[in-house]
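Novice: To start, I am sharing the structure in question, which I have written as structure tokens.
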Amino acid sequence: MKPDPALFEHALAACAREPIHVIGAVQPPGVLMVYHARDLRIVAASAYAVALFDTGDMDALLHQPVESLLDRASLAAINRVLARGEHGASQFACATNVGPMGALHDISTHASGDLVHVELEPSGLGQPLEGGHAVVAGLDAAADGADFLPSIARQVQRISGYDRVMVYRFLPDYSGEVVAEALAGDLASYDGLRYPASDIPPQARALYLRNRVRVIADVDAEPQPLMQSPELDGPIDMSFDVLRAVSPVHLQYLRNMGVAASMSISLVVDGHLWGLVACHHGTPRPVDARQRTALEMVGRHASMILDAHELRGRARAEASRRSRRDALEGRLHRAQDPRAVLSGMMDLALGSVDADGLALCLDGAWHVHGHTPDSQSLANAIAWAGTQGHRGTAATARGGDWHADAPQAACGLLAAPLGQGAGDWLLLFRREQRETVRWAGRPDAPFQIDPDGTRIGPRASFDAWEEDVRATSLPWSGRDFELARRLRMVLERYLSGAARLRAPGQTVAEPDIPMLRWDAREQAERLRRLAQLLDGASPDRERLRRIHGLLEQMEEELGALADALG
């Protein structure tokens with residue numbers, strides 16, 4: 001049964017507001033202690049710390065110097081981690097004996113402002129990980145083929161032992177789809193199922209970027225409260241704590257799936273959360289600090305390969321589009337009357353963007369190429385764009401937004417005005433992308449909501465539910481807006497606005513500074529991506545030698561550019 005729309009929107013908003021980074025509890029049997037970097041006094045500790053250090057009660061623990069609980073070797077290891085100055089999730093520091101009983105614990109740490117977080121976990125709880133180097137080799141072997149994503153799932157399952165390992169990819173609307181899966185045990189297959197964006201709300205996605213590996217060892221374990229000194233201004237920010245407790249809603253979500261333990265490994269491409277390696281197990285399954293470190297490296301290596309794939313694919317597409325855009329600009333520049341030869345260049349204009357059809361409105365006359373709608377529909381498109389409340393570019397992937405019955409061949413619309421108040425327009429169209437989506441439960445009912453809307457719970461069923469998607473194109477990305485803007489600059493220069501005021505036979509000067517700066521920014525972005533890949537790679541000596549030679553050539557070119565600007 002679908003929930004009341006008002007209650008549904010309230011539930012979505014409440015889910016997105018849940019402050020999971022200040023949840024105020026940790027997963028047992030781990031212990032979190034927080035001390036001031038300035039005076040080394042403990043200002044917060046989780047409940048199990050009292051028993052671990054045999055202090056009697058929490059009051060006797062708070063405000064004590066941390067050196068009264070940890071030995072000098074452990075503190076030195078913590079300081080070495082902190083000295084690296086790396087921001088992010090807690091990092092493994094050492095294994096040491098703690099407390100009166102000398103229990104062996106793994107210590108992880110990170111700094112958050114003036115506070116140092118120290119996490120202690122009993123050593124040896126997790127299953128040994130074997131074959132880490134073989135996993136990396138297996139990923140490399142599959143890197144250039146269609147089997148790469150399934151290989152990620154298989155390799156992670158092989159070393160981690162989870163019953164179900166899925167590669168989960170986020171879509172532009174932040175819904176997600178299981179694009180590969182490895183199964184063992186009795187858990188059901190979720191391969192090919194899609195999940196609504198509300199299943200992983202914005203604040204959770206942000207934490208997956210900060211913590212590359214997230215483990216929930218036992219969904220039924222009782223979280224241990226974090227007690228803190230009243231001198232602190234607010235709740236402890238636990239964003240980077242690996243032991244951070246879990247939202248009750250998410251725990252119930254996992255129980256409803258029949259999952260007793262889970263682990264997520266983030267896949268990050270160009271600084272954005274591409275997806276997750278989501279692991280489920282039918283029984284509790286702890287993962288210790290060393291294992292998390294190894295699995296994080298596997299995730300980073302897989303992310304680097306995905307990043308390289310995307311960069312190479314984008315570079316090829318960009319080279320083709322740039323070539324056509326440059327050819328268009330060159331021919332328009334040489335033309336005595338650019339409008340007179342425009343019809344022979346429309347294929348170059350369309351080839352410079354990622355669209356199925358292109359329409360130009362110049363002085364009320366239409367010039368079209370590719371899959372475009374009829375003239376009345378073109379007028380509807382301009383009318384819709386004019387209602388979007390700004391003079392910039394407007395876009396939609398839903399044909400129903402701009403047309404009562406948008407044609408299948410020209411469903412998605414991107415509209416950009418040409419010139420300042422000239423009434424000229426650039427319209428791009430994308431064909432309808434029909435698909436049948438298999439959802440894991442109804443996407444319009446992702447919650448169970450009390451009648452008064454005060455209590456929200458996850459849905460109980462994840463059975464496949466099919467939806468036929470019609471009148472929708474591929475969504476327009478930020479890069480699509482950039483390509484449209486670059487084409488718009490060329491068209492405005494030669495065909496619209498001031499271009500109409502040129503005397504007959506007068507040509508336009510060479511590309512101006514804004515266009516050149518745009519091209520320079522594009523190259524700078526490519527260099528940034530390449531630098532990130534190189535930073536995470538382990539190239540052999542010969543490849544490093546070739547890279548060094550290329551960098552020397554680039555340095556010479558950039559030096560010459562700097563001299564010219566000077």
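Novice: Condition (residue is among the charged types (D, E, K, R) and over 29 Å from the mean Cα position of the chain (by Cα)) applied to the stretch 75-97: is it met by at least one residue?
Specialist: yes
Novice: I've got another one for you. Going through the stretch 211-239 one residue at a time, which ones are closer than 21 Å to W274 by Cβ, out of contact with any Gly (no Cβ under 6 Å at 6 or more places or on another chain) and of a type outside the set (A, V, I, L, M)?
Specialist: Of the stretch 211-239, the ones closer than 21 Å to W274 by Cβ are 211-215, 239.
Still in the running and out of contact with any Gly (no Cβ under 6 Å at 6 or more places or on another chain): 211, 213-215, 239.
N211, R214, S239 - these are the residues of the stretch 211-239 that are closer than 21 Å to W274 by Cβ, out of contact with any Gly (no Cβ under 6 Å at 6 or more places or on another chain) and of a type outside the set (A, V, I, L, M).
Residues checked against (1) modelled with pLDDT under 90; (2) open to solvent by 50 Å² or more (accessible area, probe 1.4 Å); (3) touching a Pro at 6+ places or on another chain (Cβ under 7 Å):
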| residue | (1), (2), (3) |
| --- | --- |
| Q252 | no, yes, yes |
| A261 | no, no, yes |
| L267 | no, no, no |
| A308 | yes, no, no |
| G313 | yes, no, no |
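Novice: In addition: Restricting to the stretch 480-528, name every residue that is surrounded by 13 or more Cβ atoms within 10 Å (Cβ to Cβ), at pLDDT 70 or above, within 30 Å of A308 (Cβ to Cβ) and basic (K, R).
Specialist: Those that are surrounded by 13 or more Cβ atoms within 10 Å (Cβ to Cβ), at pLDDT 70 or above, within 30 Å of A308 (Cβ to Cβ) and basic (K, R): R485, R486.
Novice: Looking for whichever is open to solvent by less than 20 Å² (accessible area, probe 1.4 Å) and more than 33 Å from the chain's Cα centre (by Cα) here; the options are H110, H63, H117, H105. Which one fits? If you could, list the steps in order and put the result at the bottom.
Specialist: Numbers: H110 fails: more than 33 Å from the chain's Cα centre (by Cα); H63 fails: open to solvent by less than 20 Å² (accessible area, probe 1.4 Å); H117 fails: more than 33 Å from the chain's Cα centre (by Cα).
H105 is the lone residue from the list that is open to solvent by less than 20 Å² (accessible area, probe 1.4 Å) and more than 33 Å from the chain's Cα centre (by Cα).
Residue-by-condition table, conditions (1) without any contact (Cβ under 8 Å) to a residue 40 or more places away in the chain; (2) open to solvent by 60 Å² or more (accessible area, probe 1.4 Å):
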| site | (1), (2) |
| --- | --- |
| E18 | no, no |
| G24 | no, no |
| P28 | no, no |
| V31 | no, no |
| L69 | yes, no |
| A77 | yes, no |
| R84 | yes, yes |
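Novice: Now for a separate question. Mind telling me which of the residues Y168, Y174 ends up being of a type in the set (F, W, Y), at positive phi and within 17 Å of the chain's Cα centre (by Cα)? Please lay out each step first, then the result.
Specialist: Numbers: Y168 fails: at positive phi.
Just a single option satisfies the conditions, and that option is Y174.
Novice: So, one more: Can you find a residue in the stretch 41-50 that is over 14 Å from A111 (Cα atoms), touching a helix residue (DSSP H, G or I) at 6+ places or on another chain (Cβ under 9 Å) and surrounded by fewer than 20 Cβ atoms within 10 Å (Cβ to Cβ)?
Specialist: yes
Novice: Can you pull out every residue in the stretch 474-491 that is outside any loop (DSSP other than H, G, I, E, B) and either touching a Ser or Thr at 6+ places or on another chain (Cβ under 9 Å) or polar (S, T, N, Q) (or both)?
Specialist: Correct list: F481, L483, A484, R485, R486, L487, R488, V490.
Novice: Okay, next question. Any residue that is farther than 30 Å from E467 by Cα, open to solvent by less than 30 Å² (accessible area, probe 1.4 Å) and under 28 Å from the mean Cα position of the chain (by Cα) - is there at least one of those in the stretch 423-441?
Specialist: no
Novice: Name the single residue, out of those in the stretch 204-246 being of a type in the set (S, T, N, Q) and crowded, with 17+ Cβ neighbours inside 10 Å, that is farthest from the chain's Cα centre (by Cα).
Specialist: Taking the stretch 204-246 first, the residues of a type in the set (S, T, N, Q) are 211, 224, 228-229, 239.
Filter once more, keeping what is crowded, with 17+ Cβ neighbours inside 10 Å: 211, 224, 228, 239.
Numbers: N211: 13, Q224: 31, Q228: 33, S239: 17 Å.
Top of the filtered list is Q228.
Novice: Of the conditions (1) open to solvent by 40 Å² or more (accessible area, probe 1.4 Å); (2) in contact with a helix residue (DSSP H, G or I) (Cβ under 8 Å, 6 or more places away or on another chain); (3) farther than 24 Å from P28 by Cβ, A182 satisfies every one except a single condition; which number is it?
Specialist: Result: A182 passes all but (1).
Novice: Collect the residues in the stretch 119-165 that are hydrophobic (A, V, I, L, M, F, W, C) and within 20 Å of R292 (Cβ to Cβ), keeping them in residue-number order.
Specialist: Hits for the stretch 119-165 are L120, L125, L129, A134, V135, V136, L139, I152, A153, V156, I159, V165.
Novice: Restricting attention to the stretch 170-179, does a residue exist that is open to solvent by 30 Å² or more (accessible area, probe 1.4 Å) and touching a Leu at 6+ places or on another chain (Cβ under 8 Å)?
Specialist: The answer is yes, given that some residue of the stretch 170-179 is open to solvent by 30 Å² or more (accessible area, probe 1.4 Å) and touching a Leu at 6+ places or on another chain (Cβ under 8 Å).
Novice: If you don't mind, there's one more thing I want to ask. Tally up the residues in the stretch 426-451 that are in a strand (DSSP E or B) and modelled with pLDDT of 95 or more, please.
Specialist: Residues in the stretch 426-451 being in a strand (DSSP E or B) and modelled with pLDDT of 95 or more: 5 in total.
Novice: Kindly indicate whether V341 is touching a residue at least 40 places away in the same chain (Cβ under 8 Å) and either closer than 30 Å to V179 by Cβ or hydrophobic (A, V, I, L, M, F, W, C) (or both).
Specialist: In short, no.
The values are calculated or read from the model by the stated rules, or taken from the named source; none is laboratory data. No experiment lies behind these values; they were computed from the predicted model shown. Neighbour counts are summed over all protein chains in view; Cβ atoms, including those assigned to glycine, are modelled from backbone coordinates with ideal geometry. SASA here: full protein model, heavy atoms, side chains in, ligands and nucleic acids out. Shrake-Rupley method; radii C 1.70, N 1.55, O 1.52, S 1.80 Å.
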